[in-house]
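This is the structure I want to talk about, given as structure tokens.
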Amino acid sequence: MRARLARADRAAREAAAGFERDSRAALTRLKTRPIHERFAALEEDAAQLLPEHRRELLLSIRARSDEAESATRSAPRHASRIAIWRGRLPFHARRLTRDALLALCLLLALVLAYRHTPISWVEVRGDRDVTTAWVMPDGRPAGDRLVAGRAYALMRDADGVAELRDWRTGEGYAATRVPSDWLQTRSRPSR
């Protein structure tokens, strides 16, 4: 009985060693083949490879595919920054459009604020009223004089002509143009 067990054990070890040799030979043969044949061998001949040899075959496929991938990926590394930006542009178009519109609105708000903000406050030189024609934005006349001692908003002063504005309650701003030498700067707007 012991002799039979010893023979069976020896036969099992010889069979395992033979299977190991066959699996190693199959792995060596498959490593020389192209990747698609290696994949096919994994599917069809899976029974002739041991698990550790299958893992080694998969690692050789992965190493080969990484080499091929790095060879195809090398071109974008040499692309210019402009080419990369241009390639990504369609994905950023919505954000760029939004940012451009916001910048335009901000610029328009600044221009509008500049055009409607007085440079300084002025008053008539001397102690006498000066005759001038005030006009409302719709073209109606709004008065005929600059009152001495009263503050007016100086909007523009160019070529010796000053553009003044004065708030009329319930109507809006009235505007007039007078020579700059009629006016002097006032420290604060009081009435």
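The values are calculated or read from the model by the stated rules, or taken from the named source; none is laboratory data. What you are looking at is a predicted structure, and each value in this text was computed from that prediction instead of being measured. Neighbour counts run over all protein chains shown; Cβ positions are idealised from the backbone, glycine included. Areas reflect the complete protein model, heavy atoms only, side chains present, ligands, DNA and RNA absent. Shrake-Rupley method; radii C 1.70, N 1.55, O 1.52, S 1.80 Å.
In square angstrom, what is the accessible area per residue of the chain with a 1.4 angstrom probe?
Result: 76 Å² of accessible area for each residue.
Let me ask something else about it. Any chance you could run the full-extension gain for L96 through Q48? It's 0.36 nm times the residue separation minus the Cα-Cα distance, nm to one decimal.
Separation in residues times 0.36 nm, less the Cα-Cα distance, equals 11.3 nm.
When the helix-only estimate is applied to the chain (DSSP H runs of n ≥ 4, each -39,500 (n - 2.57), divided by the residue count), what is the mean residue ellipticity at 222 nm, nearest 500 deg cm²/dmol?
One gets -19000 deg cm²/dmol as the mean residue ellipticity at 222 nm.
Same structure again: Can you give the log10 of the normalised intensity I(q)/I(0) at q = 0.15, 0.16 Å⁻¹, computed with Debye over equal Cα scatterers of the chain?
For the chain, the Cα-only Debye profile gives -0.96, -1.02.
What fraction of the Cα pairs in region 86-191, stated in percent, has a spacing above 19 angstrom?
Value for region 86-191 (Cα pairs over 19 Å): 55 percent.
Determine, from the Cβ-Cβ distance of M1 and A63 and an R0 of 45 Å, the FRET efficiency 1/(1 + (r/R0)^6), rounded to the nearest 0.05.
Efficiency computed from Cβ-Cβ geometry: 0.30.
While we're on this one: Looking at the P(r) of region 145-190, how many percent of alpha-carbon pairs lie beyond 14 Å?
The answer is 49 percent, as a whole percent.
When all protein chains stay in place, what accessible area (Å², nearest 10, 1.4 Å probe) is found for R156?
Only protein atoms counted, so the area is about 60 Å².
Compute the label zone of V161 within region 129-145: residues whose backbone N is under 15 Å from the point 7 Å along Cα-to-Cβ.
133-135
Sort 30-39, 92-101 by the packing proxy (mean of other Cβ within 10 Å over each peptide's residues), most packed first.
In descending order of packing, they fall as 30-39, 92-101.
Sticking with this one: Given q = 0.21, 0.31, 0.34 Å⁻¹, what are the Debye log10 I(q)/I(0) values for region 1-42, with equal point scatterers placed on the Cα positions and solvent ignored?
-0.68, -0.94, -1.01
A further question follows. Roughly how many percent of the accessible protein surface of the chain is carbon and sulfur, given a 1.4 Å probe and a whole-percent answer?
Within the chain, the accessible surface is 57 percent carbon and sulfur.
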